[in-house]
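Worksheet for the structure shown next.
The values are calculated or read from the model by the stated rules, or taken from the named source; none is laboratory data. This one's a predicted model, so the numbers in the text were calculated from it and none came from an experiment. With ideal geometry, Cβ positions are generated from the backbone for all residues, glycine too; neighbour counts draw on all protein chains shown.
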């Protein structure tokens with residue numbers, strides 16, 4: 001297999017950074033992964049970026065599952081995994097009907113509104129909100145749907161999970177396991193809609209070390225960052241990602 005063309009290509013630094021960000025997300029910093037497709041979209045089409053990154057997500061998921069195999073919320077997994085997989089199925093059925101930029105705008109607006117609501121509202125008590133069935137089904141399905149469209153399932157997922165104020169390791173582990181299931185469910189639909197060429201797989205193979213290194217680095221950072229700072233960074237990351245998504249489609253939806 002000849003990797004020389006990929007190493008000589010101008011988008012290798014962007015692809016390597018995207019792989020590291022995916023790894024960081026699987027190591028416990030979930031918002032970072034959503035930056036990967038926008039970064040690669042600077043040098044390639046969003047469809048090619050999403051196709052290139054899916055194998056990286058799947059490999060990183062395997063490492064993340066091992067790291068967080070004892071830290072997760074069983075109730076959330078039982079609810080969000082089926083809902084997320086159903087969202088992938090909906091995305092598969094509607095992929096040729098709903099414009100990708102419309103979905104991008106939707107998840108960007110959701111993320112911005114959630115962060116503003118979290119930061120600006122009065123908080124008379126710090127009581128965590130318990131997980132609820134119907135909101136979980138809605139946000140889980142939306143997360144799977146937006147993840148299928150552009151690997152951007154984190155904003156809807158966090159809208160539902162962050163108010164629960166889960167322990168940091170449990171939040172990170174639950175995120176990793178939920179999106180591992182969602183990413184696995186995307187393999188067949190992606191192959192059906194955007195078949196992988198050998199060159200795509202070879203490019204993804206080059207990026208695996210970057211992703212695995214990022215996964216272990218994310219796990220280390222998750223343990224060392226204080227809880228309050230950790231969740232504040234997650235929210236700031238979500239806000240930045242959401243603004244980036246909205247800005248990316250401004251030419252279509254705004255004057």
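The single residue among 239, 210 that is under 27 Å from residue 142 (Cα atoms), touching a helix residue (DSSP H, G or I) at 6+ places or on another chain (Cβ under 9 Å) and crowded, with 19+ Cβ neighbours inside 10 Å turns out to be 239.
Considering only residues in region 26-77 that are touching a helix residue (DSSP H, G or I) at 6+ places or on another chain (Cβ under 6 Å), modelled with pLDDT of 85 or more and not in a helix (DSSP H, G or I), the one that is surrounded by the fewest Cβ atoms within 10 Å (Cβ to Cβ) turns out to be 71. Residue 170 passes every criterion in (1) at pLDDT 90 or above; (2) surrounded by fewer than 23 Cβ atoms within 10 Å (Cβ to Cβ); (3) under 20 Å from residue 185 (Cα atoms); (4) within 18 Å of the chain's Cα centre (by Cα) apart from (3).
With respect to the stated conditions, residue 85 is surrounded by fewer than 22 Cβ atoms within 10 Å (Cβ to Cβ), assigned to a helix (DSSP H, G or I) and at pLDDT 90 or above. Looking for something at pLDDT below 85 and under 14 Å from the mean Cα position of the chain (by Cα) - is there at least one such residue anywhere in region 219-234? Yes, there is a match, as at least one residue in region 219-234 is at pLDDT below 85 and under 14 Å from the mean Cα position of the chain (by Cα). Restricting attention to region 189-199, which residues are touching a helix residue (DSSP H, G or I) at 6+ places or on another chain (Cβ under 6 Å) and either free of Cβ contacts under 8 Å to residues at least 40 places away in the same chain or closer than 16 Å to residue 56 by Cβ (or both)? Once the filter is applied, which keeps residues that are touching a helix residue (DSSP H, G or I) at 6+ places or on another chain (Cβ under 6 Å) and either free of Cβ contacts under 8 Å to residues at least 40 places away in the same chain or closer than 16 Å to residue 56 by Cβ (or both), region 189-199 yields 190, 194. Within region 96-149, being at pLDDT 80 or above, part of a helix (DSSP H, G or I), over 29 Å from residue 187 (Cα atoms) and touching a helix residue (DSSP H, G or I) at 6+ places or on another chain (Cβ under 9 Å) holds for 112, 113, 115, 116, 119.
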